[in-house]
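Scroll down for the structure; my scribbles are underneath it.
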Amino acid sequence: MSLQKRIISLFIILVFSIYGSVAVAQQLVHEPAGVMDENDTEEAGILLPPSLTAIPAIMDIPFLARYYTSWDTLCVRRYTEIPPKPGDSVDLVLFNDYSTGFVFPIEGSLLSPFGHRGRRVHSGVDIKLEAGDPVGSAFDGVVRMARYYAGYGNCVVVRHYNGIETLYGHLSKIKVRVNEQVKAGDIVGLGGHTGRASCNHLHFETRFQGRAFNPKQIINFETFSLLSDTFTVTKATYGLSRDYLPGKSNHNMLASDDGKVKSKAKSSKSKKYHTIKSGDTLGAISRKYGTTVKQICSINGIKPSKKLQLGTKLRVR
C-alpha cells in the first residue's frame, strides 16, 4: 500500500473513531442508560418456581399485614396480595416507630426518568455513579431479594417498615443477604453495570404491593430529600407516561427533571428549622427530617465537624 493510501486509510479510521465517541457520549446523555422493561420483569417471574419463604418475624407489623401477605425472595414483582380497589386510597406514613430515617441511595445526576420509552416501560430512574460506589438503603427495612435477576443484573429489593419497597439494580456486587435488617443509609451493594446496562449507573425503583411508581412522587432529586413525611397511594399514583407525576401534563413532566415538585403536605422550598437539644448530632437531625448531613451543612454554611450549641437553631430545609 502506498504512503498516500495509508494516510487516507488512517484519516478515515480517525474520523469514524471520533464520530463513534461522540455518538456514544450523546447516547449517554439523550438515551436511557439501560433498557429495563416492566414487561420483561413480569416474564422473568413467571418462569421462576414458587417462593415458599415465610415473612420474617421482624416484619410482623399490623400496618404491613394489611397490605402484604407474601415474601417472595426470587422475584421482583410476584405477589399474592389483593391490591386496593379503584377509588381507594392508602396513606403511608414514611416515618413511624419502625421507620425512622431516609437516605438518598447515591447522590448522582439523573440519567433517565421513569415511564414509557416507546413500547417499553422503564419502571424506575437511572442515577449516575462510578463503578464500586456504595449504594445505600433509602429507608429502614428488611432485604426481601438479593440476587442476579434478568436485566437488572445484581439486584437488591428491600421492603420497608413504611410499606414501600425499593429496588437497586445493575450492582457490581451485592453486600446484603435475604432477611437481613438494614437501616437507612446501610450499604446494600456497590455500583456497576451488570445486567442490561450501557454504562455504570444505579437503576432505582419505588414500589407498593409490587407496582412501580415514579420515585419523584416522594423524593426531591435536587435536594436528595423527601418531599413529605407521608405519601397517599391512589389509582393516579401508577401512571406510566414519561416522567409521570399525578396532575401534571406530559409537557410539564418532561420539564420536571430538576426535581422541583411540590407536595400536597408542604413545598420542597419551604424553610424549616430545628432547635439543638442535648444529644443531637447532624446525622440524627438529618434522619429526622429526611435530608442529609451534606445538605444541612451546605444551607447553613458549616462543616460536618462543627460543634452544635444547645438552644441554637439549625436550618434543615
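For this structure, a couple of remarks:
- Restricting Pro32, Pro49, Pro62 to residues that are modelled with pLDDT of 85 or more and of a type outside the set (Ser, Thr, Tyr) narrows the list to Pro62.
- Whenever a residue of region 57-72 is more than 17 Å from Asp88 (Cα to Cα), its partners that are assigned to a helix (DSSP H, G or I) and of a type in the set (A, V, I, L, M, F, W, C), lying with C-beta atoms within less than 8 angstrom and at least six residues away or across chains, give the pairs Trp71/Met59.
- Tally, over region 147-161, of residues that are crowded, with 24+ Cβ neighbours inside 10 Å and of a type outside the set (Phe, Trp, Tyr): 5
- Scanning region 209-231 for residues that are in a loop (DSSP other than H, G, I, E, B) and among the small types (Gly, Ala, Ser) gives Gly210, Ser228.
- Evaluation of Tyr168 against (1) surrounded by fewer than 19 Cβ atoms within 10 Å (Cβ to Cβ); (2) farther than 18 Å from Asp91 by Cβ (one fails), failing number: (1)
- Pick from region 289-311, criterion free of Cβ contacts under 8 Å to residues at least 60 places away in the same chain and either in the same structural domain as Asn96 (by TED's automatic domain parsing) or in a helix (DSSP H, G or I) (or both), ranking: surrounded by the fewest Cβ atoms within 10 Å (Cβ to Cβ): Ser298
- None of Ala236, Ala255 is among the hydrophobic types (A, V, I, L, M, F, W, C) and modelled with pLDDT under 85 except Ala255.
- Picking from residues in region 295-312 that are of a type in the set (D, E, K, R) and modelled with pLDDT of 80 or more, the one that is farthest from the chain's Cα centre (by Cα) is Lys307.
For every residue, the table says whether it meets (1) surrounded by fewer than 14 Cβ atoms within 10 Å (Cβ to Cβ); (2) assigned to a helix (DSSP H, G or I); (3) at pLDDT below 90; (4) within 21 Å of the chain's Cα centre (by Cα).
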site	(1), (2), (3), (4)
Leu240	no, no, no, yes
Gly247	yes, no, yes, no
Lys262	yes, no, yes, yes
Ser270	yes, no, yes, no
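- Where Ser112 falls short, out of the listed (1) surrounded by fewer than 18 Cβ atoms within 10 Å (Cβ to Cβ); (2) of a type in the set (Ser, Thr, Tyr); (3) in contact with a Pro (Cβ under 6 Å, 6 or more places away or on another chain): (1)
- Thr206 of a type in the set (Ser, Thr, Tyr), in the same structural domain as Leu240 (by TED's automatic domain parsing) and not in a strand (DSSP E or B): no
The values are calculated or read from the model by the stated rules, or taken from the named source; none is laboratory data. A quick note: this is a predicted structure, and the numbers were derived from the prediction, not measured. In this analysis, Cβ positions are derived from the backbone assuming ideal geometry, glycine residues included, and neighbour counts consider all displayed protein chains.
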